[in-house]
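A short worksheet on the structure shown next.
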């Protein structure tokens, strides 16, 4: 994704989060990564400060793993900051 596309995406996401959510709020992050990749550990590391729920669910074939993180976020900016950190990790699909 180009820098301009990313900026537009995050601007749109911020507007949506601000209009639909009262902060602080519980937020659910969802990602998909290859199960055998280093990316799995890297995504979990982004949420190291999270003491809330992190759920890993392998696909039927075991090739991919779904990562769900349910946590209290203080603002739309903190949500976007987490997405940007995960966005730097190769092979991660954000849902």
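Only the coordinates and a few stated rules stand behind these numbers; no lab work does. All values derive from a computational prediction rather than experimental measurement. Reconstructed Cβ throughout: ideal geometry from the backbone, glycine too, with neighbour counts over all protein chains shown.
Quick notes on this one:
- Distance-filtered residues of the range 70-95 - backbone nitrogen under 18 Å, label point 7 angstrom along residue 15 Cα→Cβ: 76-77, 80
- With the convex hull of its Cα atoms as the shape, the range 2-57 has an orientation-averaged projected area of 5.4 nm².
- Highest-MSF residue in the chain out of 34, 60, 84 [GNM, Cα springs under 10 Å]: 60
- Degrees between helix 76-87 axis and first principal axis of the chain (Cα, 0 to 90, nearest 10): 30 degrees
- Correct option for Cα Rg over 2.2 N^0.38 Å [calculated from the coordinates] among (i) 1.10; (ii) 1.16; (iii) 1.75: (i)
- With the simple model of a label 7 Å out from the Cα in the direction of the Cβ, residue 37 to residue 61 spans 1.5 nm.
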